[in-house]
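For reference, the structure is listed below as structure tokens.
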2 protein chains.
Amino acid sequence: PFKVYQIGRVWRGERQQAGRYREFLQCDVDIIGSSRIEADAEIVAVLYETVKALGVTDFVIKVNNRKIMNGLMTYIGLDTARAPAVFRAIDKLDKQTWDTVADELQETGLNSEQVSQLKTFFELRDAKKEKLLDGMQDTLRDSSEAREGVEELRKLALSLQAFGVPDNGWCIDPVVVRGLGYYTGPVFEISLRGSEKIGSVGGGGRYDSLVERFSSAPVPATGASIGFDRLFKSVKSLGLTKLKNKTQVIVLNFDDAARDSCLKVTTELRRAGISTELYLGQEDNLKGQLAYATKRDVPVVVIIGSEEQAKNTAQLKDMKKRKQFEVPVTNVVRKIEELLIC
Amino acid sequence: PFKVYQIGRVWRGERQQAGRYREFLQCDVDIIGSSRIEADAEIVAVLYETVKALGVTDFVIKVNNRKIMNGLMTYIGLDTARAPAVFRAIDKLDKQTWDTVADELQETGLNSEQVSQLKTFFELRDAKKEKLLDGMQDTLRDSSEAREGVEELRKLALSLQAFGVPDNGWCIDPVVVRGLGYYTGPVFEISLRGSEKIGSVGGGGRYDSLVERFSSAPVPATGASIGFDRLFKSVKSLGLTKLKNKTQVIVLNFDDAARDSCLKVTTELRRAGISTELYLGQEDNLKGQLAYATKRDVPVVVIIGSEEQAKNTAQLKDMKKRKQFEVPVTNVVRKIEELLIC
């Protein structure tokens, strides 16, 4: 199989909404050419490990299977063409009461018995995995497609456990259908607690007949996408973002006669791995440049003017402790390393 | 000043040529809001450090100044509007003889005296930096703009030295003008020896009046771009690319009854930082999966079937030494780490 991950800008031609941008950064992971359920499990495991690696603790990956949903439509005697409208109504169960959803279902043309059948089915939702699977299997026992879907979820559960995804890291949720029509088997959706307003930060599923549309041969495939912008927004709102690579040192640059030393020190600091800015702004005097450094909130400022240049020294200003040290130019790196640790 | 670097896809509406793609990956670095020559030097230093970090040894950053080129046009009494055609001809001096270029210059309408003046000027090209600067200054002494350009190059030289760019890492080359019309001061171009056919892998310059075209205020700016595709092609042709993150282990997956152990071992190996692939292909027997692993050229293969599962062991196949070990499942990671080191 061909395994691939990619992160890149993508564009959307549909209507924009809150959290639905015209241009956004998408992180994809896909396995092309494998029909094994372990491939689906591996995608879910990647989603799990990715969100966990960001430090998010309160999230769950919701899993469902399109085959079960197709069986459900057959069970209530609904034509496949009318399923999308029903799925759209069902999708609102997370935000609205059953009664509101029931009204919408009736507007799509379902009769009260069909609505009642769906109600009973979706009440299974609150059960634990094993009981939920048994319940779905029992309700949809006449559909071989649904039975196949349930069987896939059982295998998926075993694979996820073996891949080390904990039991509370994922759940089965029959409400999850995913908007796109091309899914054919397991579908997944990342649900971050406290970010419901932003919308799902990612999801995917098996799409065994999509490749065929663009080529001559059928190729099984499974994969998922994470919406980087949404995920970043969520992670940020959870306070989990840290600003890295912040400038640690600003080397002032106010005296043409000392420019040489300033540039040399800048390069030495950078080579020592210290994030260093050489002052390149419009201020041409010490006072103005110091004000800039204060505003930029850096821990250390290096000052070298003609006087220091003549003595081959540099003034180091510890901006937090408001202390100033004069050191030989050759000691600047070591001394700044000390100041940054303290 | 605003400092920014970015790497992203860009598109070109112009004609395609060898090495000139419609879509390509561009790496930019820019300093917006500083008119200081140290900013230009910092851009050149970034280009130098970047190419050097890739392991390329035989390269030089060619530097020139648009102000000198403008002064040169005044010196030969040429209207500014006709300069682009002259620059295009001059640009070919790297690949063609002076006589061929001279013919093209005459076709643009230059008289023989003007061509002769240019010849004398570009003969300066072979001189060392200091002498070349003196020569340009002397020839173009009547142009205050050219004098300013020479002065900028002198300052740039001092800054580059202070930034730690060695003398053989850059040169002054009056032939470099850069295609784009918006440059106003120093211009740079990366020249990789042995990659002349691919074309310049990057370059840039000061563009003090470009921002103004898109906003109300004039903002000084300098920067450069590296064409990732071209640079990668060059680095590859120099044999400097290494394939990283190559799969180290394939865990076979041919026995449903042992799937659980296979997935667990896969996760353990991955958590230990070992790049591990779980077999997800169409082959369902040991022999077929082993043939796949041989083709993929991985150092170690893990084999767990029902027999091993019953004993809680795994077979590890060292594919280079053609040796096989049976170890307890709990020892798989440690033993593979050993095998990979040897």
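Rule-based calculations on the coordinates, nothing more; no lab input. Keep in mind that this is a model prediction, so the values were computed, not measured. Neighbour counts are summed over all protein chains in view; Cβ atoms, including those assigned to glycine, are modelled from backbone coordinates with ideal geometry.
Nearest to the axis that maps chain A onto chain B: list the chain A residue whose Cβ wins, with the distance in whole angstrom.
Output: A:9, 4.
Once you order the gyration tensor axes a ≥ b ≥ c over the Cα atoms, which shape class does the protein assembly as shown get: rounded for a/c under 1.5, otherwise prolate or oblate by comparing a/b with b/c?
prolate
Please find the FRET efficiency linking residue A:52 to residue A:296, where r is the Cβ-Cβ separation and R0 is fixed at 25 Å, and quote it to the nearest 0.05.
So the FRET efficiency works out to roughly 0.15.
Going by how many other Cβ atoms sit within 10 Å of their own, how do A:35, A:159 line up, fewest first?
Numbers: A:35 18, A:159 24.
With the fewest neighbours first, A:35, A:159 line up as A:35, A:159.
So the label point sits 7 Å from Cα along the Cα-to-Cβ vector; using that for residue B:3, what distances do you get to the other copies, in nanometres, sorted shortest first?
3.8
What distance in nm separates the two pseudo spin-label positions at residue B:2 and residue B:335, each 7 Å out from Cα along the beta-carbon direction?
Label at residue B:2, label at residue B:335, 5.9 nm between them.
Net charge around residue A:298, counting only other residues with Cβ within less than 12 Å of its Cβ (Lys, Arg = +1; Asp, Glu = -1)? Can you show the working numbers first?
Values: positive: A:246, A:295, A:296, A:317, A:320; negative: A:277, A:297, A:318.
My count for the surroundings of residue A:298 gives +2.
So what's the angle, to the nearest 10 degrees on a 0 to 90 scale, between helix A:66-75 and the longest Cα principal axis of chain A?
Tilt of helix A:66-75: around 30 degrees.
Distance in nm between label sites at residue A:9 and residue B:237, each 7 Å beyond Cα in the beta-carbon direction?
Going from the residue A:9 label point to the residue B:237 one covers 2.9 nm.
Would you please give the FRET efficiency between residue B:256 and residue A:213, computed as 1/(1 + (r/R0)^6) with r the Cβ-Cβ distance and R0 = 35 Å, to the nearest 0.05?
Numbers: r = 31 Å, r/R0 = 0.90.
The formula returns an efficiency of 0.65 here.
Take every residue in peptide A:164-171, count the Cβ atoms of other chains within 10 Å of its Cβ, and give the average of those counts.
Mean shielding count: 1.
For segment B:151-224, what class follows from the C-alpha gyration tensor (a ≥ b ≥ c being the square roots of its eigenvalues): rounded when a/c is under 1.5, otherwise prolate if a/b is larger than b/c, else oblate?
Details: a/c = 2.51, a/b = 1.37, b/c = 1.83.
Taking the square roots of the gyration eigenvalues as a ≥ b ≥ c, segment B:151-224 is oblate.
So between residue B:126 and residue B:182, what do we pick up on full extension, going 0.36 nm a residue minus the alpha carbon distance?
17.4 nm
What percent do you get for the relative contact order of segment B:249-341 when only Cα pairs under 8 Å and 6+ apart count?
On the way: 139 pairs, mean separation 27.3, N = 93.
Relative contact order comes out at 29 percent.
Could you give, in nm with one decimal, how far residue A:284 is from each other copy of that position, shortest first, with labels 7 Å out from Cα toward Cβ?
Copy-to-copy label distances for residue A:284: 8.2 nm.
How far is residue B:182 from itself in the other copies, in nm, if each label sits 7 Å out from Cα along the Cα-Cβ line, shortest first?
3.7
Which angle from 0 to 90°, rounded to the nearest 10, does the C-alpha axis of helix A:112-123 make with the longest principal axis of chain A?
Approximately 50 degrees, to the nearest 10.
Among residues other than residue A:315 whose Cβ falls under 15 Å from its Cβ, what is the net charge (Lys/Arg +1, Asp/Glu -1)?
Its environment carries a net charge of +2.
Using only alpha carbon pairs under 8 Å that are at least six residues apart, calculate the relative contact order of chain A and give it in whole percent.
Working: 538 pairs, mean separation 61.1, N = 342.
Reported as a whole number, the value is 18 percent.
Full-extension gain between residue A:22 and residue A:103, please, as 0.36 nm times their residue separation minus the C-alpha to C-alpha distance.
On the way: separation 81, 0.36 × 81 = 29.16 nm, distance 3.21 nm.
Here the segment from residue A:22 to residue A:103 would lengthen by 26.0 nm.
Counting only other chains, what is the mean number of Cβ atoms within 10 angstrom of the Cβ of each residue in peptide B:154-163?
Values: counts 0, 2, 0, 0, 3, 5, 1, 3, 9, 6.
Taking all residues of B:154-163 together, the mean is 3.
How would B:163, A:188 line up from fewest to most surrounding beta-carbon atoms within 10 angstrom?
Ascending number of Cβ neighbours within 10 Å: B:163, A:188.
Compute the FRET efficiency between residue B:112 and residue A:310 as 1/(1 + (r/R0)^6), taking r as their Cβ-Cβ distance and R0 = 41 Å, and round to the nearest 0.05.
It comes to 0.15.
Against the longest principal axis of chain B, how steep is helix B:144-162, in degrees 0 to 90 to the nearest 10, with axes from Cα atoms?
So the helix axis and the longest Cα principal axis differ by about 30 degrees.
If a/c stays under 1.5 just call it rounded; otherwise compare a/b with b/c (prolate if a/b is bigger, oblate if not). Do that for segment B:86-205, with a ≥ b ≥ c from the square roots of the Cα gyration tensor eigenvalues.
Here segment B:86-205 falls in the oblate category.
Taking the number of other C-beta atoms within 10 Å as the exposure measure, put A:246, B:295 in order starting with the fewest.
B:295, A:246
Just to confirm a number: summing +1 for Lys and Arg and -1 for Asp and Glu over residues other than residue B:71 whose beta-carbon lies under 13 angstrom from that of residue B:71, what do you get?
-2
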